[in-house]
Amino acid sequence: MPQAATASATTALNDVDLAAVGGLIEKVKAEPGIAATTWAAAVAWTGGFGSEAKVRAFAPARADGPAHLGDTDTGPNPVEQVLGAL
């Protein structure tokens, strides 16, 4: 027996509010200048392969090299951080 087609409104996808995203898209279409963003980080070398990045009000993100390459392995290396961000 055929099933009746049902319509359902999806309000979120992967915990992202789709209505809010749609509203932002419409706002950017109307005012393209608001889409401009600024990206910044303050990065300090901490010795060896290590560094510490401060971004906005978040806790500092430590990057380090692995012990087998002569470092202290106190955090992921920058390549691992980029892979984790994907």
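Overview of values
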item: Selected residue (criterion: nearest to the chain's Cα centre (by Cα)) from residues of the stretch 27-59 that are in a helix (DSSP H, G or I) and surrounded by 10 or more Cβ atoms within 10 Å (Cβ to Cβ); result: A35
item: Residue within the stretch 50-59 that is touching a strand residue (DSSP E or B) at 6+ places or on another chain (Cβ under 7 Å) and modelled with pLDDT under 95 present; result: yes
item: Of the criteria (1) basic (K, R); (2) surrounded by fewer than 13 Cβ atoms within 10 Å (Cβ to Cβ); (3) closer than 14 Å to E80 by Cβ, which one R62 fails; result: (2)
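The values are calculated or read from the model by the stated rules, or taken from the named source; none is laboratory data. Worth saying up front: this structure is predicted, and the values here are computed from it rather than measured. Glycine also receives a Cβ, built like all others from the backbone with ideal geometry; neighbour counts cover every protein chain displayed.
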